[in-house]
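Student: One structure is given below, represented as structure tokens, and several questions about it will come after.
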Amino acid sequence: MLKQLAERRRQIDEREARLVERERVAAVMESRLADQAKEMKRLQAVLARQSAEIEAAKQADMGADKARLTKLAKAYKAMKPKDAARLFEAMDMAMLAPIAREISARSLAPVLSRMSAEKANELGRLLRRK
């Protein structure tokens, strides 16, 4: 019976040693997870700051583009309709449509009347979309 108790005590001691080891490993893992969570929060803050900086730069760039576009539209508006139409004919629609949007319909009409029907219709379709 003493041998059985000694064996049982040895088994309990082994089990306790395994549990202590598991607890130690769990504590180390919890510490690592906490460190990783802190690092993730730091990286999220960095990412949020960079996203805000990128958005601010985009807005500034869009503002500068809008100013250049308005200036360019003003220049075309000041031209004689015949000259503006000739230049518009040679322009790509991706460039022409934003410029035309900046020009009032009253100022654009004489230019459109001097453009080819095909180009004027295509520009009209693009202007109606936005």
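The values are calculated or read from the model by the stated rules, or taken from the named source; none is laboratory data. Only a predicted model underlies this, so the values are computations on that prediction, with no experimental measurement involved. Every residue, glycine among them, receives a Cβ derived from its backbone with ideal geometry; neighbour counts consider all protein chains shown. Note: areas computed on protein heavy atoms with side chains; ligands, DNA, RNA excluded. Shrake-Rupley method; radii C 1.70, N 1.55, O 1.52, S 1.80 Å.
Student: I'd like to verify a number: residues in segment 48-70 that are of a type in the set (D, E, K, R), under 21 Å from Leu126 (Cα atoms) and open to solvent by 90 Å² or more (accessible area, probe 1.4 Å), how many?
Tutor: Count: 2.
Student: Suppose we filter Ala75, Ala37, Ala45, Ala97 for residues that are in contact (Cβ under 8 Å) with a residue 12 or more places away in the chain, surrounded by 10 or more Cβ atoms within 10 Å (Cβ to Cβ), assigned to a helix (DSSP H, G or I) and under 40 Å from the mean Cα position of the chain (by Cα); which single one remains?
Tutor: After applying the criteria, what remains is Ala97.
Student: Within segment 78-94, take every residue that is among the charged types (D, E, K, R) and assigned to a helix (DSSP H, G or I) and give me the one that is nearest to Asn121 (Cα to Cα).
Tutor: Among those residues, the one meeting the criterion is Glu89.
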